[in-house]
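Undergrad: First, the structure itself, so that you have it in front of you.
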Amino acid sequence: MNNVITTTCGLCSTGCRLSVHCNEHNQYTIKGDKRDPVTHGALCTKGLHAIDIMLHPERLTQPLKRTGERGEGQWITISWQQAIDEIALQFNQTQKTYGDNSVFFSYGYSKDFINTQLLKLANAANSVNIHGPETVCWAPSKYGKEYTLGYNPSADINQQTDCIIFWGVNKHNTRFTEMRAINHAIEHGATTICIDPQQTHHAKNANYWLPLVPGSDLALAMAMIKIIIDQQWYDAAFVADYCYGFSALQSHIQQLDLAYLANECQLSIDMITDITQQYIHAKSAVIITGNALDHNPDSFQVNRAIAILMALSGNLEIQGGQSKPQGKALVNGRWPYDPQDVDQLSPTIRQQSVGSPPIPEYFRATSQGLMDAMLTGQPYSIKAGMIVGTNPMTSWPDSNKVKQAFEQLDFLVVSELFMTPTAMMADIVLPAASFFEYAGVTQGQDGSIHYQAPLQQVGDAKPDHQIIAEIGHAMGIMPVYNDNDFWRSALSPVDIDLIQLKAQTSIVADVEKQQTLSYLSVGFDTPSGKVELYSQKLHALKLDPIPVYRPNLPLTECYPLRVTTAKSRYYMFSHGRQITALRNKHSFPTVKMHSKLGQKHSLKEGDIAAIETAPDKIIYQKVKFDDQLRIDTIVADLSWWFPEMKNKQLSGVFKSNYNVLTSTDVGVHSDIGSFYINGLPCCIYKAINIELSTI
């Protein structure tokens, strides 16, 4: 008999509803839940194979303790009690010897409320060194727009939307659930503009495609602002009544040379003018920005400039334009940030976190700061840490430096599903449960919350939030973990418990309908109460109050090309390389390039190319030709490692991983802690005697 379990996918933040069919042989089949008002039963490839992650034979199922050198792969199995006790002892001793801040806590994707729990543990331990991926994943976009508008706008795409700009985003690959509204607007005549070095799905179907030089986004945004102001195309009434600092922006723009900015992007002035005119003269228009705009040191200012474009065009809070978030999510995202936990340490103390960027709202440590402290002991020593749900060996900049930094630690604990390159560097590895293995809560893209039904337990794996709480209790700084209490706290905003949510399955968010022109009565949540074209807060912080374009890293004779990267639709960053069905779809790390560029370097499709950004920064990926790319630009896969290589060179993490090419030492200032990912100067050549494995 077929048993159908309704649950929610936890692979990403979309929260797609699932119907999991289990037959009499305890075999599972995943289908989308057609009752889901967001997905209508559609699922991505990753979600369809989520069961393969839970049941994979190489899942970690018991706590492990290292017996050999870091990275050698020598382990013994230990009990949970021994693991928790040893972790607590090591953390307490480290803090007693080196100070509270000598222990760091790092999280990645926020499954299972882990960022809240880890923040609570860090606060209870009086350590300011809590770290997450936000500096290259949403923080530049969020804070850049909030500093300008007072909020981070979303796109109210509907049949009234006349123009859509896709800027560094590919919703078709990364958030397919939004494609329904996008396609509906296009069917009703919306003009589409795609700004991306690659010919993505949006670019192929766009009215205009701008294949700019990777990393030149701020030059393009400032060129568009200049055209709008010089041509007096801006919404004069809105600017006069609701914008602060227009005269300063106008003076700054007058000093810019449009030809220079266009050349930096390698786009024609006519093309930039055409798309600016399409955007500015549309009755309602949106700019949809993507993760690519979080990937360079100037990312905060790029997003500031884009927010300025939204304001100058008069597209704020109108039907079919940029919308202001309304209402509150039922459980505040998927994790209930408690203000008393966030504010437990004062802003002055939080500024002691290593590498803390100058934007005070972002209080976390940066990966660059953590590594420098591990290696140099400055401004103080980092000697121990806990890593949950992330793989810094692939995701932090300069992978070789990450390894060197971790080798300086006295103690490292990693909570993971699989033995990743980062887990191989740990002293103790803890087996984390996948989202299918415990009852929980997830939130859908529409703000509703859903009961996450468990399917089965795998080994002795535990949910991350429980692991974190048990460590805190063993350290003597957190109460005993109680599952009912945890979920009651998480669900407190809706005043129910997990049992009640299970009975209801879902609770629909009571989100207000899109309001229009709310600033007429309440203004903007900025120091001036207006859109800050000139930011008073940034001026007070001695940062650029108006976005200033500074050239990307220069090309040289040795490194005449630029390399950028993009996400695969088959993987969640470094996650999933063990899954046969996904590897069959995307078997090898691939570098795309124009065929003429390949021929110039004696490369043909299927060859292994070496990609080099410095003599000691070289990776290898399989060549694929794409004649829609610029001839001076290549696009390499990110986050690659090879689980099938086991303990050989940390599962081959240095062979093809994009972050081998990146650096923390590029000598630039970043307002938010982001670093160079897009547009790195590089060279390519044919690799000799290099093979790439596959499962």
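Undergrad: Within segment 142-182, can you find the residues that are among the polar types (S, T, N, Q) and out of contact with any Ser or Thr (no Cβ under 6 Å at 6 or more places or on another chain)?
TA: Within segment 142-182, T148, N152, N158, Q159, N173, T174 qualify.
Let's see how each residue does on (1) assigned to a loop (DSSP other than H, G, I, E, B); (2) exposed (fewer than 15 other Cβ atoms within 10 Å of the Cβ):
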residue	(1), (2)
A503	no, yes
T526	yes, no
G529	yes, yes
Y534	yes, no
L538	no, no
V548	yes, yes
P551	yes, yes
R583	no, no
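Condition check ((1) modelled with pLDDT of 90 or more; (2) at positive phi) across all residues:
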{"site": "N482", "(1), (2)": "yes, no"}
{"site": "S489", "(1), (2)": "no, no"}
{"site": "S492", "(1), (2)": "no, no"}
{"site": "D495", "(1), (2)": "no, yes"}
{"site": "Q504", "(1), (2)": "no, no"}
{"site": "Q514", "(1), (2)": "no, no"}
{"site": "V522", "(1), (2)": "yes, no"}
{"site": "P527", "(1), (2)": "yes, no"}
{"site": "Y534", "(1), (2)": "yes, no"}
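Undergrad: Also: V239 versus (1) surrounded by fewer than 22 Cβ atoms within 10 Å (Cβ to Cβ); (2) over 20 Å from S535 (Cα atoms); (3) touching a residue at least 12 places away in the same chain (Cβ under 8 Å): which is the lone unmet condition?
TA: Looking at each condition in turn, V239 falls short on (2).
Undergrad: What's the total number of residues in segment 15-74 that are of a type in the set (G, A, S) and within 21 Å of Y438 (Cβ to Cβ)?
TA: 4
Undergrad: Kindly list, by first and then second residue, each pair from a residue in segment 667-686 that is farther than 21 Å from E134 by Cα to a residue that is modelled with pLDDT under 95, limited to pairs with Cβ atoms under 6 Å and residues at least 6 apart or on different chains.
TA: P681/L553
Undergrad: Among the residues of segment 381-389, are any touching an Asp or Glu at 6+ places or on another chain (Cβ under 7 Å), at pLDDT below 95, outside the structural domain of M645 (by TED's automatic domain parsing) and not hydrophobic (A, V, I, L, M, F, W, C)?
TA: Checked against the condition, which is being touching an Asp or Glu at 6+ places or on another chain (Cβ under 7 Å), at pLDDT below 95, outside the structural domain of M645 (by TED's automatic domain parsing) and not hydrophobic (A, V, I, L, M, F, W, C), segment 381-389 yields at least one hit.
Undergrad: Still on this structure, please answer the following. Mind checking which helices (runs of 4 or more DSSP H) fall wholly inside segment 86-192 and carry at least 2 residues that are of a type in the set (S, T, Y), outside the structural domain of H586 (by TED's automatic domain parsing) and free of Cβ contacts under 8 Å to residues at least 24 places away in the same chain?
TA: In segment 86-192, no matching helices (runs of 4 or more DSSP H) lie anywhere.
Undergrad: Applying the selection to segment 370-389, what residues are touching a residue at least 24 places away in the same chain (Cβ under 8 Å), under 23 Å from D671 (Cα atoms) and within 27 Å of the chain's Cα centre (by Cα)?
TA: Once the filter is applied, which keeps residues that are touching a residue at least 24 places away in the same chain (Cβ under 8 Å), under 23 Å from D671 (Cα atoms) and within 27 Å of the chain's Cα centre (by Cα), segment 370-389 yields L370, M371, D372, M374.
Undergrad: If we keep just the residues of segment 203-218 that are touching a residue at least 60 places away in the same chain (Cβ under 8 Å) and under 15 Å from L261 (Cα atoms), which is surrounded by the fewest Cβ atoms within 10 Å (Cβ to Cβ)?
TA: The selected residue is P211.
Undergrad: Just checking, how many residues over segment 7-41 are assigned to a strand (DSSP E or B) and crowded, with 16+ Cβ neighbours inside 10 Å?
TA: Number of matching residues: 10.
Undergrad: Follow-up question, since we're still on this one. If G99 satisfies every condition in (1) under 26 Å from S13 (Cβ atoms); (2) modelled with pLDDT of 95 or more; (3) among the small types (G, A, S) but one, which is the exception?
TA: (1)
Undergrad: Could I ask something else about it? I359 fails exactly one of the following numbered conditions: (1) in contact with an Asp or Glu (Cβ under 6 Å, 6 or more places away or on another chain); (2) more than 24 Å from V136 (Cβ to Cβ); (3) modelled with pLDDT under 95. What is the number of that condition?
TA: (2)
Undergrad: Considering only segment 195-246, state which residues are of a type outside the set (G, A, S), closer than 24 Å to D298 by Cα and assigned to a loop (DSSP other than H, G, I, E, B).
TA: Selection gives D196, P197, Q198, Q199, T200, P211, L212, V213, P214.
Undergrad: Let me ask you something else. Report yes if C44 is touching a strand residue (DSSP E or B) at 6+ places or on another chain (Cβ under 7 Å) and either modelled with pLDDT of 95 or more or buried (at least 18 other Cβ atoms within 10 Å of the Cβ) (or both), otherwise no.
TA: no
Undergrad: Additional query: Picking from D52, D156, which residue would you name as being among the acidic types (D, E) and crowded, with 19+ Cβ neighbours inside 10 Å?
TA: Of D52, D156, the one residue that is among the acidic types (D, E) and crowded, with 19+ Cβ neighbours inside 10 Å is D156.
Undergrad: Now for a different question. Please give the number of the condition T200 fails out of (1) of a type outside the set (G, A, S); (2) closer than 18 Å to N678 by Cα; (3) at pLDDT 95 or above.
TA: If we test T200 against (1) of a type outside the set (G, A, S); (2) closer than 18 Å to N678 by Cα; (3) at pLDDT 95 or above, just (3) comes out false.
Quick grid of which residues meet (1) hydrophobic (A, V, I, L, M, F, W, C); (2) in contact with an Asp or Glu (Cβ under 9 Å, 6 or more places away or on another chain):
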| residue | (1), (2) |
| --- | --- |
| Q232 | no, no |
| D235 | no, no |
| A240 | yes, no |
| C243 | yes, yes |
| L249 | yes, no |
| Y260 | no, no |
| T273 | no, no |
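The values are calculated or read from the model by the stated rules, or taken from the named source; none is laboratory data. Everything numeric in this text was worked out from a predicted model, so none of it was measured. As a convention, Cβ positions derive from the backbone with ideal geometry for all residues, glycine included, and neighbour counts pool all protein chains shown.
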